[in-house]
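A.B. asks: This is the structure, below, for whatever I ask next.
The values are calculated or read from the model by the stated rules, or taken from the named source; none is laboratory data. Please read all numbers here as calculations on a predicted model, not as lab measurements. Every residue, glycine as well, gets a Cβ built from its backbone with ideal geometry; the counts of neighbours run over all protein chains shown. For accessibility, only protein heavy atoms count, side chains too; no ligands or nucleic acids. Shrake-Rupley method; radii C 1.70, N 1.55, O 1.52, S 1.80 Å.
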Amino acid sequence: MSVATRPVDSARARGIADAFRPARPWGNYWDYFYSRSKLGSDPLYPGVCDALRGTSAPLLDLGCGLGLLAHALAADGIALPYRGVDSDDAKIRRAKRAAARVGLDGAAFDTVDLARVIPEHRGSVAILDVLQFIPPDAQARLLDAAVAMLSPGAKLVIRTGLDDGTSRARITRAVDVFSRVLGWMNAAPRYYPDADALRARFEAAGLAYEIEPLYGNTPFNNWRVVAERR
Ligand SMILES: C[S@@+](CC[C@H](N)C(=O)[O-])C[C@H]1O[C@@H](n2cnc3c(N)ncnc32)[C@H](O)[C@@H]1O
């Protein structure tokens, strides 16, 4: 399977971002501009849509943020029951509001701290740009739980920075630290996964998997990991 290297086109990015406009013209436009620029610059969502296209199992999006994945899937015509969870209660409220605004009826959102609680689920799982914020022990528990959630035909799709000593890895960490300082992130980065450790985990679980770059034209060290039962 080849990985998308382009972000969504600018018309689609604007269309999705419209769901995040403030209710009143003088309101806060942060989420609108964040969504528009994230969608328009990062190949993340096309890469995840490519991985999930053709699947039908319900999707659990761990650390969903504003729920942009639910919007990207719908815009791509990929209809999956979707539940997003995130520890940031304010983001979850905004995610619910935006999804309701554009009639994403199959999307549900809940506040969950994944360092302490792992939701029940059976189906596909997405973990996008989240693992580095979860402490190492909890990260290992979360990955094992995500593997156990996979039903036949379902996929585990992860995007993550990897701890590989490259300048891309240093830039990724610096920007994650900066996002924490700005207050956009409610957690600082702790531990970026190691590719060999991920491979060993998937092989021990008997999964088929692929690990490929998913950074497009961004300066970050982001990789897409797709795993499924053989
Ligand atoms: C960089 S954002 C990615 C958001 C979303 N996955 C996406 O790609 O659009 C990382 C998200 O992880 C969430 N997060 C960090 N620590 C978490 C935890 N312990 N439990 C649940 N979510 C967490 C943050 O609140 C944030 O929304």
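A.B. asks: Residue check: is R159 among the basic types (K, R), within 14 Å of the ligand (Cβ to nearest atom) and in contact (Cβ under 8 Å) with a residue 24 or more places away in the chain? Steps first, please.
C.D. replies: On the way: among the basic types (K, R): yes; within 14 Å of the ligand (Cβ to nearest atom): yes; in contact (Cβ under 8 Å) with a residue 24 or more places away in the chain: yes.
The answer is yes for R159.
A.B. asks: Would you check if there is a residue in segment 110-118 being open to solvent by 20 Å² or more (accessible area, probe 1.4 Å) and either part of a helix (DSSP H, G or I) or more than 14 Å from the ligand (Cβ to nearest atom) (or both)?
C.D. replies: No; the residues of segment 110-118 include none that is open to solvent by 20 Å² or more (accessible area, probe 1.4 Å) and either part of a helix (DSSP H, G or I) or more than 14 Å from the ligand (Cβ to nearest atom) (or both).
A.B. asks: So H71 fits all but one of (1) under 16 Å from the mean Cα position of the chain (by Cα); (2) farther than 18 Å from K38 by Cα; (3) more than 9 Å from the ligand (Cβ to nearest atom); what number is the exception?
C.D. replies: The single condition H71 does not satisfy is (2).
A.B. asks: Restricting attention to segment 11-32, which residues are surrounded by 13 or more Cβ atoms within 10 Å (Cβ to Cβ) and assigned to a helix (DSSP H, G or I)?
C.D. replies: R12, A13, R14, G15, I16, A17, D18, A19, F20, D31, Y32
A.B. asks: Now for a separate question. Does segment 119-130 include one or more residues that are farther than 30 Å from F33 by Cα, away from the ligand (no atom under 13 Å from the Cβ) and open to solvent by less than 50 Å² (accessible area, probe 1.4 Å)? Steps first, answer last, please.
C.D. replies: Here is the first cut: in segment 119-130, the residues farther than 30 Å from F33 by Cα are 119-123.
Filter once more, keeping what is away from the ligand (no atom under 13 Å from the Cβ): 120-123.
So of that shortlist, the ones also open to solvent by less than 50 Å² (accessible area, probe 1.4 Å) come out as 121, 123.
Checked segment 119-130: at least one residue is farther than 30 Å from F33 by Cα, away from the ligand (no atom under 13 Å from the Cβ) and open to solvent by less than 50 Å² (accessible area, probe 1.4 Å).
A.B. asks: Among the residues of segment 33-60, count how many are part of a helix (DSSP H, G or I) and either open to solvent by less than 20 Å² (accessible area, probe 1.4 Å) or closer than 19 Å to K155 by Cα (or both). Talk me through it step by step, then tell me what you get.
C.D. replies: Pass one, segment 33-60, residues part of a helix (DSSP H, G or I): 33-41, 44-52.
With either open to solvent by less than 20 Å² (accessible area, probe 1.4 Å) or closer than 19 Å to K155 by Cα (or both) added as a condition, the list becomes 35, 39, 44-52.
The number of residues fulfilling the criteria is 11.
A.B. asks: How many residues are away from the ligand (no atom under 15 Å from the Cβ) and either among the aliphatic types (A, V, I, L, M) or assigned to a helix (DSSP H, G or I) (or both) if we restrict to segment 74-103?
C.D. replies: 7
A.B. asks: Scan segment 168-213 for residues that are touching a strand residue (DSSP E or B) at 6+ places or on another chain (Cβ under 9 Å), assigned to a helix (DSSP H, G or I) and over 22 Å from I92 (Cα atoms) and jot them down.
C.D. replies: Within segment 168-213, R168, A169, T172, R173, A195, L198, R199, R201, F202, E203 meet the criteria.
A.B. asks: Next question, about the same structure. From (1) within 16 Å of the ligand (Cβ to nearest atom); (2) β-branched (V, I, T); (3) under 17 Å from A195 (Cα atoms), pick out the condition that doesn't hold for V177.
C.D. replies: Against the list (1) within 16 Å of the ligand (Cβ to nearest atom); (2) β-branched (V, I, T); (3) under 17 Å from A195 (Cα atoms), V177 comes up short only on (3).
A.B. asks: Considering only residues that are outside any loop (DSSP other than H, G, I, E, B) and open to solvent by 20 Å² or more (accessible area, probe 1.4 Å), which ones fall in segment 131-167?
C.D. replies: Step one: filter segment 131-167 for residues outside any loop (DSSP other than H, G, I, E, B), giving 131-133, 136-149, 156-161, 167.
Those that are outside any loop (DSSP other than H, G, I, E, B) and open to solvent by 20 Å² or more (accessible area, probe 1.4 Å): F133, P136, D137, A140, R141, D144, A145, A148, S167.
A.B. asks: Hey, can you tell me all the residues within segment 182-230 that are of a type in the set (F, W, Y), within 26 Å of P7 (Cα to Cα) and either touching a Phe, Trp or Tyr at 6+ places or on another chain (Cβ under 9 Å) or open to solvent by 60 Å² or more (accessible area, probe 1.4 Å) (or both)?
C.D. replies: Applying the first criterion (of a type in the set (F, W, Y)) to segment 182-230 yields 184, 191-192, 202, 209, 215, 220, 223.
Then keep just the ones that are within 26 Å of P7 (Cα to Cα); that gives 184, 192, 209, 215, 220, 223.
Within segment 182-230, W184, Y209, Y215, W223 qualify.
A.B. asks: Scan segment 14-29 and give yes if some residue there is within 20 Å of V130 (Cβ to Cβ) and under 14 Å from the mean Cα position of the chain (by Cα), otherwise no.
C.D. replies: No.
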